[in-house]
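S.K.: Dropping a structure here in structure tokens format, bear with me for questions.
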Amino acid sequence: MIAAGTRPQGGGSQELGPFLDEWLEKKSPELSTNSVRVYGTVLRRYIKPALGGVTLEELDTPMVQGFLESLTPATAKSARAVLRPGLGFAVRMGYIPASPVAETVLPKKRRSEKALVRALSDEEIVAYRDAVRGWVGGNQYGPPRGQLLLEIVDTCIGSGMRIGEVLALRWEDVNLVTGAVTVCGTITEDDGTRQPWTKTAGGYRTIRVGEVAASALARAHFHKRQYGAEMCFPSAAGTYQTVKNIEDLLRAARKHGPPEIQDITPHNFRKTIGTRLTHAGQDRYTASRFLGHSSTAVTEQYYIARPELVDVESLGALPTLKRESKP
């Protein structure tokens, strides 16, 4: 038993890598499947190669700060999300007196590094969809490949939903008559587990999808007689499909399309929806609610492309003045 006010012998001499592996194993039952996967990936790819051999008592704030600054802002945020609770546990166990993560600051993305939001044109959407449609069922042997893949793509195009939200749709969430869809779950990225909550608190919503999505859902419903499953887009085995599997299939399908669609992902359809809603006159709050964002700031910064031309006069934003005649 450890006496009050003393530190466990040898605790601080543990190396960071093995310590965090053990911490994550103990913490896993409290985390979602996706969080365990993300934490494990960050540990394996970034933290352990850089700091894994450093002991807990050797690790200090400048060392952690330098590590974070060596990463991209997004990766640094993920790495600190692992280090903070892990080293907090080390403090509570008495292995170290204070956490070296506490006073670190995340690196900020420079303005020049912020990528422009890409909203797709009608031509790009048609080309992408044509590539998927041409690839589906095009294999010579075995079961037709890409079952319901086109329907999944069309639902993304016409709803702006996250791919995990689309795959989590159940027939009880869909009204085929009105086109209303209740978004109330998501699929973990790797193992296909349906979670009865959305990515953010604002993600739970009921939206009326576009005609292309409504048609896709109607086509998928026709296949319900074959699978008899609760989900709208089941796998051949009648289970929820994984995000990774669908992304792999889409990557293979778009290789059969033109060069300009090779970097298009389902997330571009969300950005396109957000852009078109605002350019059509909808306010940012409406766009944010439709996309399931927790705030309008996220929508404005990452999901709305700048218009190619802002004509202030046609918008009535300029005072009306009498045109002067030439001198």
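The values are calculated or read from the model by the stated rules, or taken from the named source; none is laboratory data. Quantities reported herein were computed from a predicted structural model and do not represent experimental measurements. Glycine also receives a Cβ, built like all others from the backbone with ideal geometry; neighbour counts cover every protein chain displayed.
S.K.: Restricting to the stretch 234-256, count the residues that are touching a Gly at 6+ places or on another chain (Cβ under 8 Å) and under 15 Å from Arg133 (Cβ atoms).
M.R.: 3
S.K.: Say whether the condition of being over 25 Å from Trp197 (Cβ atoms) and part of a loop (DSSP other than H, G, I, E, B) is met by at least one residue in the stretch 29-50.
M.R.: no
S.K.: Of the residues Thr104, Thr75, which single one is closer than 26 Å to Gln262 by Cα and within 28 Å of the chain's Cα centre (by Cα)?
M.R.: On the way: Thr104 fails: closer than 26 Å to Gln262 by Cα.
After applying the criteria, what remains is Thr75.
S.K.: Continuing with the same structure: I'm trying to understand the selection: among the residues of the stretch 253-278, which are of a type outside the set (Val, Ile, Thr), surrounded by 14 or more Cβ atoms within 10 Å (Cβ to Cβ) and assigned to a helix (DSSP H, G or I)?
M.R.: Ala253, Arg254, Pro266, His267, Asn268, Phe269, Arg270, Lys271, Gly274, Arg276, Leu277 - these are the residues of the stretch 253-278 that are of a type outside the set (Val, Ile, Thr), surrounded by 14 or more Cβ atoms within 10 Å (Cβ to Cβ) and assigned to a helix (DSSP H, G or I).
S.K.: Would you pick out the residues in the stretch 216-238 that are loosely packed, with under 14 Cβ neighbours inside 10 Å and free of Cβ contacts under 8 Å to residues at least 60 places away in the same chain?
M.R.: Those that are loosely packed, with under 14 Cβ neighbours inside 10 Å and free of Cβ contacts under 8 Å to residues at least 60 places away in the same chain: Ala218, Phe222, Arg225, Gln226, Gly228, Ala237, Gly238.
S.K.: Please name all residue pairs, on different chains or six or more residues apart, with Cβ atoms under 6 Å, provided the first residue is in the stretch 135-157 and is without any contact (Cβ under 8 Å) to a residue 24 or more places away in the chain and the second residue is surrounded by 13 or more Cβ atoms within 10 Å (Cβ to Cβ).
M.R.: Partner pairs satisfying both residue conditions: Asn139/Arg145; Pro144/Gly137.
S.K.: Now for a separate question. Give all pairs with beta carbons closer than 7 Å in which a residue from the stretch 283-294 that is at pLDDT below 80 meets a residue that is assigned to a helix (DSSP H, G or I) and loosely packed, with under 14 Cβ neighbours inside 10 Å; count only pairs at least 6 apart in sequence or on separate chains.
M.R.: As it stands, the answer is Ser294/Ala201, since those pairs meet every condition given.
S.K.: Quick one: in the stretch 225-249, which of the residues that are assigned to a helix (DSSP H, G or I) and in contact with a helix residue (DSSP H, G or I) (Cβ under 7 Å, 6 or more places away or on another chain) is farthest from Ser121 (Cα to Cα)?
M.R.: Filtering first and then ranking leaves Val243.
S.K.: Do you know which residues across the stretch 279-299 are in a loop (DSSP other than H, G, I, E, B), buried (at least 20 other Cβ atoms within 10 Å of the Cβ) and aliphatic (A, V, I, L, M)?
M.R.: none
S.K.: Still on this model: Please identify the pairs in which a residue from the stretch 38-66 that is within 24 Å of Lys244 (Cα to Cα) has its Cβ atom under 8 Å from the Cβ atom of a residue that is surrounded by 14 or more Cβ atoms within 10 Å (Cβ to Cβ) and among the acidic types (Asp, Glu), counting only partners at least 6 apart or on another chain.
M.R.: Leu43/Asp21
S.K.: Can you tell me which residue in the stretch 89-104 is surrounded by the fewest Cβ atoms within 10 Å (Cβ to Cβ), limited to those that are without any contact (Cβ under 8 Å) to a residue 12 or more places away in the chain and assigned to a helix (DSSP H, G or I)?
M.R.: Arg92
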